[in-house]
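Read through the structure below, which is laid out as structure tokens, and then see the notes.
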Amino acid sequence: MTSHPHPPRLAAVPVTAMDTPALPLPATAPLQDMLRPRRHPLRRHLRLALLLLPWLLAMGLGFPLLWQQMRQTFDSPVQRARDLALFQAASVAGRVIDSLRNDVRFLEAVSTLDEAAAALSSDSDTARLMLAFARGAPSYDHLRLVDADGRERLQVAYTAGPSPGLYAARGMVAERKRTLAPPDRLQNARNHIDFDRVSHLPQGEVYLSGLELRPSADGRPPQPVLRATAARFDGATLRGAVSLELLANDLLERIVALGRSHHVELLVAHPDGRWIRGPAAGRDWSDTVAATDPGLWAAMQAQADGLYRGAESGGEWTFRRIGLARELGAAAPPGRASPGPGLLLAARADRQSAAWARWRWQLPLAACMAAALFAAVVLSAQLLRSLRADARHTRALHEANRALTIANDNLRSVQGDLARAARLSSLGLMVAGVAHELNNPLGSATLALSTARQELDMLAARLRQGLRRSDLDRYVAMSDGAMQTVADAVRRAAGLVQRFKQVAVDRTSMQRRVFDLGQIVLDADPRLRHWPADGTVDLRLLLPPGLEMDSYPGPLEQAVSNLLDNAVLHAFGAQAAGAIVVEVAADGPDHVLVRVADDGVGIPAADLPQVFEPFFTTRRHAGGTGLGLHIVHQIVADVLGGTLWAESPVPAGVPVPGRGTVFTLRLPRRAPERPEAAVPVADG
């Protein structure tokens, strides 16, 4: 009798009209009673509404969440662009302010003042130094050196041409002259440079004014300037101050250009609320933030930086205050904006770009919502028709499932018979092995008993003829030898029965016990005791006694058996002859080594790292599964607590000549504790 390894299982599947003819259904079934076509249209509409209700609830909850998520997804890049533009603008302003502060400190450190003179002469070292500095720094406007009373002693004035940078780029006169102001133009600059405030600063500090619009004396448009002033001290005595004015046009245009580079509108406002660079062209320094959007101005006054969504100005605003009083970007008190001079930066996305970006996802999403609603209606109607059709086939399905249940019961019965047959087959193989092993001791016992019987017959004949003492002595000696032979044979047979019983227990359980490693390896495969004497492959066993282990003999036997199968199936190929060596040895006081080596064709270097991977085999065409070595690796690592590796060619020290392969198991003599579990078995 043959059996399929995996008999097909019949599954309970729906039976359609193509499988069996439609049969009438009992009128008492609740599902059929609900789905039976009614003539009243209100009932039909109610059923359709019940089918639509879950779809409507899902869309009513899901689409608002999806809408919000899509909005956040598409708004996030714009928000990041605004934040990055503000950050870079603050960094640019910080570098410019730091440069201004350092320059005025430098001028304060190198300047000297003759207290007796009303003004410094153009030939003085300080005058030449100040003039040279002004000519090398075109972004600065006025440079003043005042005494302790606030009177100007030296002023570097700009007499012709527009401001540099932006105005020069617009085609205006590119060069501005820098000259020392004559003594008659020097004046008391005490109020102009905030001398009273500067004089009270600690030595080494720099006073920064707010950004202000200064009228020009030569007819040019008013210029935004930022003034830095440092007091001059002689020890602890105030000797005067140095004031340096920065033309802020370049700084403002760089800030606006940064916004354009990030595709956002970056605007600059004065702390008093006037737009320095505002949304309306030509209205700088006149329009106010409050006029543009009162809510934005209120938010700017309430906190130093933040996000504002306003309907008046359109779009979202991200704003930030840059403080200039002492340190740029100084932290403000929680919930309040930084006081003192500074700049207000505000960034918003371009209105048209923002609107187009919103419509790009809102229109498709709205279309998807409409399509989903339409699909829900259509699918609900189809589902209603399908349920009615299913109700008509319910009885046929019940009958088919009843027949299928009977078939499955029969199949389970057949599977049980097949399992019992497989167990009987395994039992037959074990019985055959036991019979083969018992044949020798039983044969010896039979021969000894036969010889004893013959001697007993001869003794009886001698008694009738006249028994001599020598005959009796010979019979006693022969009987003693025969009895000893029979006793030895019986002990050997009992030992074989006990060993095969233990092997059967080990192979069917995860029982842990103390055992001799050499004996377990010898019991791992019947071929190790009776190797085929065909002369093609020789077997050499190096199994010294006395290597005791406290481990799991069943899994260890399976691992050795799989390695032996692997060597027999794969090692030699077309090679006519070869040798296999099974060896055990101690590896220190706590570990042992088990080697299965061959002198066959070896394993290619490219395949060696993959030999323990599941389903890797070179004999798939011959029925190999690629699980044998993988199972060995799992047993060694997970059950026995050891390691397994393969080497090809065989290294020095392994008693196998030739190229070949060696598999080495390094196992602890005391295995780790493992729960009871079945160990899989598979061929290579």
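The values are calculated or read from the model by the stated rules, or taken from the named source; none is laboratory data. These numbers were taken from a predicted model, which means no experiment stands behind them. Cβ placement follows ideal geometry from the backbone for every residue including glycine, while neighbour counts extend to all protein chains displayed.
Inside segment 186-235, residues that are closer than 27 Å to Gly273 by Cα and of a type in the set (A, V, I, L, M) make up a count of 10. Taking the criterion of being more than 22 Å from Gln558 (Cα to Cα) and within 40 Å of the chain's Cα centre (by Cα), the only residue of segment 591-602 that qualifies is Gly602.
Quick one: would you say Gly282 is outside any strand (DSSP E or B), at positive phi and in the same structural domain as Gly204 (by the TED database)? Yes.
The condition of being at pLDDT below 80 and out of contact with any Ser or Thr (no Cβ under 6 Å at 6 or more places or on another chain) does not hold for Ser139. Taken residue by residue, segment 248-255 has no member that is closer than 18 Å to Arg190 by Cα, touching a Phe, Trp or Tyr at 6+ places or on another chain (Cβ under 8 Å) and assigned by the TED database to the domain that holds Phe319.
A count restricted to segment 285-307 and to residues that are part of a loop (DSSP other than H, G, I, E, B) and of a type outside the set (Phe, Trp, Tyr) stands at 5. Number of residues in segment 523-575 that are at pLDDT below 85, within 19 Å of Arg619 (Cβ to Cβ) and of a type in the set (Gly, Ala, Ser): the value is 3.
The set of residues in segment 68-117 being of a type in the set (D, E, K, R) and either under 17 Å from Ala347 (Cα atoms) or at pLDDT below 70 (or both) consists of Arg71, Asp75, Arg80, Arg82, Asp83, Asp114, Glu115. Looking at the structure I just gave you, is Ser479 at pLDDT 75 or above and loosely packed, with under 11 Cβ neighbours inside 10 Å? So Ser479 does not fit the description; no.
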